[in-house]
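Peer 1: Right, I'll just put the structure down here and ask away after.
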């Protein structure tokens, strides 16, 4: 907090605090995660913890960077290669299932992120927007679109897809999902989530396919001044 460079001991303490946070998040204990709980888990005094993380938001950001930013996320890998037209349906399903699996694997951490962002913590709002940007860019590439100025329609579609996908994932990992859906049997909930994932995949497939077709149909002006299709 004072701007001093951390030495080996300080780095070790900071690492222990972040690890304690992640351990608590990934545990089955449903007790609220607080700075005091993290301090106990990390075996550090509260006064020492505050030297590294002045509030829960700062600690949460550090945990997110470790669990999300520093990882090569499977759902992002699904987007890096262009989905063949003939395999569009399968590729969309693989992507959505990978995305849902990520959210289910980091449910508590992502819920805390969304709760603080929804409470207007600008640090978490900025983080959520920043982490969505590469996903939007890769979806635009799947649409054969650049999303640059003059192509706002494609960017709007990609943004809407990502927003809908994230909100659906948020619903799926909600602790009250069973009550919300009146599905108290775990196997029924699992089947319902699979259907929701399939529906999301179909929406993405339709949008990507439609925008690709529109781009193929847009005429261009060749050197002779005549309209033609892009090659």
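Peer 1: With runs of 4+ DSSP H residues as the only contributors, calculate the mean residue ellipticity of the chain at 222 nm using -39,500 (n - 2.57) per run, divided by the residue total and rounded to the nearest 500.
Peer 2: So the helix-based figure for the chain works out to -22500 deg cm²/dmol.
Peer 1: Highest mean first, what order results for 102-108, 184-190 on Cβ atoms within 10 Å? Could you put the intermediate results ahead of the total?
Peer 2: On the way: 102-108: 16.9, 184-190: 10.6.
Descending mean neighbour count gives 102-108, 184-190.
Peer 1: What list do you get for 82, 5, 66 if you sort them by fewest beta carbons within 10 Å?
Peer 2: Taking fewest neighbouring Cβ atoms as first place, the list is 5, 82, 66.
Peer 1: Just to confirm the number: angle between the C-alpha axis of helix 88-105 and the first principal axis of the chain, 0 to 90 degrees, nearest 10?
Peer 2: The angle comes out near 10 degrees.
Peer 1: With a ≥ b ≥ c taken as the square roots of the eigenvalues of the C-alpha gyration tensor of the range 115-203, please select rounded if a/c is under 1.5 and otherwise prolate if a/b is larger than b/c or oblate if it is not?
Peer 2: On the way: a/c = 3.57, a/b = 1.52, b/c = 2.34.
It is oblate, given that a/c is not under 1.5 and a/b is not larger than b/c.
Peer 1: Counting pairs of alpha carbon atoms under 8 Å apart in space and at least six apart in sequence, what relative contact order in percent does the chain give?
Peer 2: Once normalised by length, the contact order is 18 percent.
Peer 1: Where in the range 86-116 does the label zone of residue 28 land, with the point 7 angstrom along Cα→C-beta and an amide N cut-off under 11 Å?
Peer 2: No residue passes the distance filter.
Peer 1: Nearest 10 degrees, 0 to 90: what angle lies between the long axis of helix 152-172 and the longest principal axis of the chain (Cα atoms)?
Peer 2: Long axis of 152-172 versus the principal axis of the chain: about 40 degrees.
Peer 1: So, one more: Using Cβ counts within 10 Å as a stand-in for footprinting exposure, how do 157, 92 rank, fewest first?
Peer 2: 157, 92
Peer 1: Could you give the length gained by full extension between residue 87 and residue 132, i.e. 0.36 nm per residue of separation minus their alpha carbon distance, to one decimal place?
Peer 2: Extra length available between residue 87 and residue 132 comes to 13.7 nm.
Peer 1: Ranked highest first by average number of other Cβ atoms within 10 Å, how do 169-182, 200-213, 109-122 line up?
Peer 2: 200-213, 109-122, 169-182
Peer 1: In terms of the ratio Rg/(2.2 N^0.38 Å) built on C-alpha atoms, what value belongs to the range 72-228?
Peer 2: On the way: Rg = 18.2 Å, N = 157, 2.2 N^0.38 = 15.0 Å.
Relative to the rule-of-thumb radius for its length, the range 72-228 sits at 1.21.
Peer 1: In addition: Using the Cα atoms of the range 8-64, I'd like the radius of gyration and the largest Cα-Cα distance, Dmax, both in angstrom.
Peer 2: 10.3, 33
A short reminder: the numbers here are calculations on the coordinates, not readings from a lab. Fair warning: this is a prediction, and the values are worked out from it, not measured in the lab. Glycine also receives a Cβ, built like all others from the backbone with ideal geometry; neighbour counts cover every protein chain displayed.
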